[in-house]
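Trainee: Have a look at this one.
Only the coordinates and a few stated rules stand behind these numbers; no lab work does. Quick caveat: nothing in here was measured; it's all calculated off a predicted structure. Heads up, the Cβs are rebuilt from the backbone with ideal geometry, glycines too, and the neighbour counts pull from every protein chain shown.
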Ligand code: CA
């Protein structure tokens, strides 16, 4: 299920660039160019289809994006990232106080924007949905909070990195977690190209947790995409 982003930006070229970059990352984007359009879109959005994130330019043709911050904050739980051409600190602090979650100053790179979006969404995830911290299937028991892994009743010792990787998969059990998501969440933003780490650590986890590591039944590979922790297929 892809996340829905509202992009409010009147600069046509920038809007197109950001829109395209977000779509490549798998976001669904609703892009508008003015306060009035943003209000119209927000007015149509029902309880069930809220935005997951809002990118809000401040300098809009029909007013200041800041005027939308308060109502956005009141109606949407989505993180709001403000886009501004302003450089001084005072408005930045005021905007953060007014409900913005983060702040991008033009010119910024698409990579920086996407990274800030991921951080904002992670924070939101922590606040609004209880994390999945347990996996119990077919003899394997993982309790992330207690930091405990058992296989058929026997404690399994994992290294800290192995445990972090497993915990990340537990959080989205049954779903494929992409290479990029795993690398960012376990190792950090600067490691997104280190897919060999994943092969290495997934191999180690399989050795410890699978009956036959060469034919895994819990820790599955989605070629070219990522990995998933599933209910063991017997
Ligand atoms: Ca503008």
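Trainee: With every atom except the alpha carbons ignored, what do you get for Rg and Dmax of the range 4-123, in angstroms?
Mentor: When restricted to Cα atoms, the range 4-123 yields Rg and Dmax of 13.0, 38 Å.
Trainee: Now for a different question. Against the longest principal axis of the chain, how steep is helix 66-75, in degrees 0 to 90 to the nearest 10, with axes from Cα atoms?
Mentor: That helix lies at roughly 50 degrees to the long axis.
Trainee: Cut-off is 10 Å between beta-carbons; in what order do 96, 42 appear when sorted fewest neighbours first? All intermediate terms of the calculation are to be shown ahead of the outcome.
Mentor: Numbers: 96 13, 42 20.
Going from least to most buried by this count: 96, 42.
Trainee: Let me ask another. Calculate the spin-label point distance for residue 108 paired with residue 155, positioning each point 7 Å from the Cα along the beta-carbon direction, and give it in nanometres.
Mentor: So the two model labels end up 4.5 nm from each other.
Trainee: Pull up the DSSP beta bridges for the range 4-123 and report the antiparallel fraction as a percent, rounded to 5.
Mentor: On the way: 2 of 19 bridges.
Once the DSSP bridges in the range 4-123 are tallied, antiparallel ones form about 10 percent.
Trainee: Mind grabbing the base-10 log of I(q)/I(0) for the range 134-229 at q = 0.12, 0.18, 0.25 Å⁻¹? Debye formula, identical points on the C-alpha positions, no solvent, two decimal places.
Mentor: Values returned for q = 0.12, 0.18, 0.25 Å⁻¹ are -0.33, -0.77, -1.53.
Trainee: Run the helix sum for the chain: -39,500 (n - 2.57) per DSSP H stretch of 4+ residues, divided by residue count, reported at 222 nm to the nearest 500 deg cm²/dmol. Please report the intermediate quantities before stating the final value.
Mentor: Working: 8 runs with 96 residues, N = 234.
So the helix-based figure for the chain works out to -12500 deg cm²/dmol.
Trainee: If we count other beta carbons within 10 Å of each Cβ, what is the order of 93, 83, fewest first?
Mentor: 93, 83
Trainee: If you project the alpha carbons of the range 60-188 onto their three principal axes, what span does each projection cover, largest first, in Å?
Mentor: Largest to smallest, the principal-axis extents are 64, 29, 24 Å.
Trainee: Please work out how much length the chain gains when fully extended from residue 124 to residue 137, using 0.36 nm per residue of separation minus the C-alpha to C-alpha distance, in nm with one decimal. Before the final figure, lay out each step's value.
Mentor: Working: separation 13, 0.36 × 13 = 4.68 nm, distance 2.87 nm.
Stretched out fully, the residue 124 to residue 137 stretch lengthens by 1.8 nm.
Trainee: To make sure I understand, if each residue's beta carbon is the centre and we count other beta carbons within 10 Å, what order do 29, 132, 119 fall in, fewest to most? Present the calculation step by step, with values, prior to reporting the outcome.
Mentor: Numbers: 29 20, 132 13, 119 16.
Going from sparsest to densest Cβ surroundings: 132, 119, 29.
Trainee: Could I ask something else about it? Could you work out the mean projected area of the convex hull around the alpha carbons of the chain, in square nanometres to one decimal? The partial results should precede the final answer.
Mentor: Details: hull surface 57.6 nm².
Hull-based average projected area comes out at 14.4 nm².
Trainee: Taking the Cα atoms only, what angle lies between the long axis of helix 160-171 and the longest principal axis of the chain, rounded to 10 degrees?
Mentor: Long axis of 160-171 versus the principal axis of the chain: about 70 degrees.
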